[in-house]
Amino acid sequence: MAGPAVNPTKDGFFFTQLDAAANWARANSLWPMPFATACCGIELMSTAASKHDLSRFGSEVMRFTPRQCDLMIVAGRVVMKMLPVLQRIWLQMPEPKWCISMGACACTGGVFDTYAVVQGVDRFIPVDVYIPGCPPRPEQVIKAILDMQAQIKKTGTVWASEFAARSVATGPARFDGEEVYRIKNPVPLTNKDITYTPKH
Amino acid sequence: MVPSYVAASYECSTGESFLTAKASRSLEELLAAWGISCHEFRGQSQVTIPAVKFVESMKQLRDEAGFDMLSDVTVADLLEYGGEDRYRVVYQLVNITTGKRLEVRVLVNDPEPKLPSMYYLWRSADWLEREAYDMFGIVFEGHPNPKRLLMPEEFQSFPLRKDYPLKGRGERHNFPVITRAES
């Protein structure tokens, strides 16, 4: 990685003027990647509309290509069929990038604790800011963007080296206790031939 | 593998296209000919057809009784009812000209619940039968695209069966975790 050698875990963060300038520029121009799957997407659209204008805070455009965005907003429930797509979009975003998980479904699965809905995208994606709500009001989304900006100005570096320290996933475990119990003690099947493939 | 009744599926028994032919026999005549009675429940007519005479009965319903639209295919899992059969496949037929609706029920069983596909009689059966296969495992023979519709293709279970738990068996979280340092 080019640039001045900064070891955040050993030296702590010491900010140069360049870091502060870079943080200011990045925080005030967070272009969102709207990963809107459900109702929170509508609320995200209304946050970007004229009444609660999100572009006042720098999120001028919502680019639908991840290559041009630096903030992914996961708005809405994510099903197991969509999760690999979400991970692929996250990996396609260039550095530096941040993630906001908007709404109850993206944070924890919301009311949908079923076989198809992922119980929180932070199990599989690194999330920086969570917005609770079903759906959160536009003012809450704006507050989350402001929190994101404050976080960037406090902990950002020009060479984006603060991300290298986050090598441990901070969300809940993939299979938590209840799910492990459910896998280990399956409901007894009456139909034993439940996984055949049809012969057409 | 196209089933044998496809050859004349879009023509009526009288030879004209079923789209322009008028209904020649009423539902009551057909049911009397089969020896089955129609059950009324809350304004809805229901008929239970044995699976062996399924295809001819549905074809007669479409051609002669004028039920030219299949509006839904769904399945009820009767596992906890303690009866003989497990799956009740339900077809909702609509007669567009008269507005009459009919519910046709067929009973199928494990270990291989299967029925001939109604794709060649009503094209709307395409996705409706795919959904019934995806959720319950009913195989529709002769369907041109017998893939899962809603769940991912590699999903192994049939979620709406009564012995499948609501929260699943861990398939929903069986994905790799991406940390910030590596992405």
Could you grab me the full set of residues in region A:24-43 that are farther than 11 Å from A:Glu60 by Cα and in a strand (DSSP E or B)? A:Met33, A:Pro34, A:Phe35, A:Ala36
Among all residue pairs at least 6 apart or on different chains, which show Cβ distances below 6 Å where the first residue, located in region B:75-91, is more than 25 Å from B:Ala125 (Cβ to Cβ) and the second is among the charged types (D, E, K, R)? B:Glu80/B:Lys162
I need the full set of residues from region A:87-114 which are among the hydroxyl-bearing types (Ser, Thr, Tyr) and in contact with a helix residue (DSSP H, G or I) (Cβ under 6 Å, 6 or more places away or on another chain), in order please. A:Ser101
When you scan region A:130-189, how many residues do you find that are within 8 Å of another protein chain (Cβ to nearest Cβ), touching a residue at least 60 places away in the same chain (Cβ under 8 Å) and among the aromatic types (Phe, Trp, Tyr)? 1
Residue satisfying condition, being assigned to a loop (DSSP other than H, G, I, E, B), buried (at least 17 other Cβ atoms within 10 Å of the Cβ), at the interface with chain B (Cβ under 10 Å from one of its Cβ atoms) and not β-branched (Val, Ile, Thr), within set A:Pro96, A:Pro126: A:Pro126
Only one of (1) within 17 Å of the chain's Cα centre (by Cα); (2) assigned to a loop (DSSP other than H, G, I, E, B) fails for A:Lys143. Which number is that? (2)
Looking at B:Ala65, is it under 26 Å from B:Cys38 (Cβ atoms) and buried (at least 21 other Cβ atoms within 10 Å of the Cβ)? yes
Members of region B:165-180 found to be surrounded by 20 or more Cβ atoms within 10 Å (Cβ to Cβ) and assigned to a loop (DSSP other than H, G, I, E, B), listed by number: B:Gly168, B:Arg180
When you look at A:Arg166, is it at pLDDT below 95, closer than 24 Å to B:Met151 by Cα and among the basic types (Lys, Arg), yes or no? no
For region B:71-108, name all the residues that are among the aromatic types (Phe, Trp, Tyr) and at pLDDT 90 or above. B:Tyr87, B:Tyr91
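The values are calculated or read from the model by the stated rules, or taken from the named source; none is laboratory data. None of these values were measured; they are calculated from a predicted model. Virtual Cβ from ideal backbone geometry, glycine too; neighbours counted across all protein chains shown.
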